[in-house]
1. Quick one: if the Förster radius is 41 Å, what FRET efficiency do E76 and A105 give, using the C-beta to C-beta distance and rounding to 0.05?
2. Please identify every one of the trypsin sites (Lys or Arg not before Pro) in the stretch 1-74 that sits in a loop by DSSP and has no more than 16 other beta carbons within 10 Å of its own beta carbon.
3. Can you put E60, E97 in order of Cβ neighbours within 10 angstrom, beginning with the fewest?
4. Extension gain A57-M41, at 0.36 nm per residue separation less the Cα-Cα distance, in nm?
5. List the longest stretch of the chain that has no exposed loop site; here a site is one of the chymotrypsin sites (Phe, Trp or Tyr not before Pro) assigned by DSSP to anything other than H, G, I, E or B, with at most 13 other Cβ within 10 Å.
Amino acid sequence: MDRLALIYRLKPGAKETYIEAHHDIWPEMEDFLRRAGVYRMTIFMRGDELFLCADVADRERYEAMERVDPVSDRWERWMATLLDHPYDGEEPGIFAELQEVWHFAT
């Protein structure tokens, strides 16, 4: 299993739309996540900053499916209208990946 952690930022004024989109996430998007091997995905928010943490069966498989799936593509294009990019000077895209330093599980 692979763990993925990303930070990203909302465009000004996009917060409510982003929250609503995730409260009413498309059933076909949830189906895609299951098919792509996502066990858990959580998004946390503070102001306009977002933190996504996901456990996926195989990250390479997930990312390959994400690149070709039409539902994922439609969702990602919509989300891109709500997110600032680039995230910062070190990241060319919307998302900045976080390096795992420590993990505790029982």
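1. Between E76 and A105 the formula returns 0.85.
2. Sparse-neighbourhood loop trypsin sites (Lys or Arg not before Pro): none present.
3. Exposure proxy ranking, most exposed first: E60, E97.
4. Result for the pair: 4.6 nm of gain on full extension.
5. By the stated rule (loop sites, at most 13 other Cβ atoms within 10 Å), 1-101.
A short reminder: the numbers here are calculations on the coordinates, not readings from a lab. Fair warning: this is a prediction, and the values are worked out from it, not measured in the lab. Heads up, the Cβs are rebuilt from the backbone with ideal geometry, glycines too, and the neighbour counts pull from every protein chain shown.
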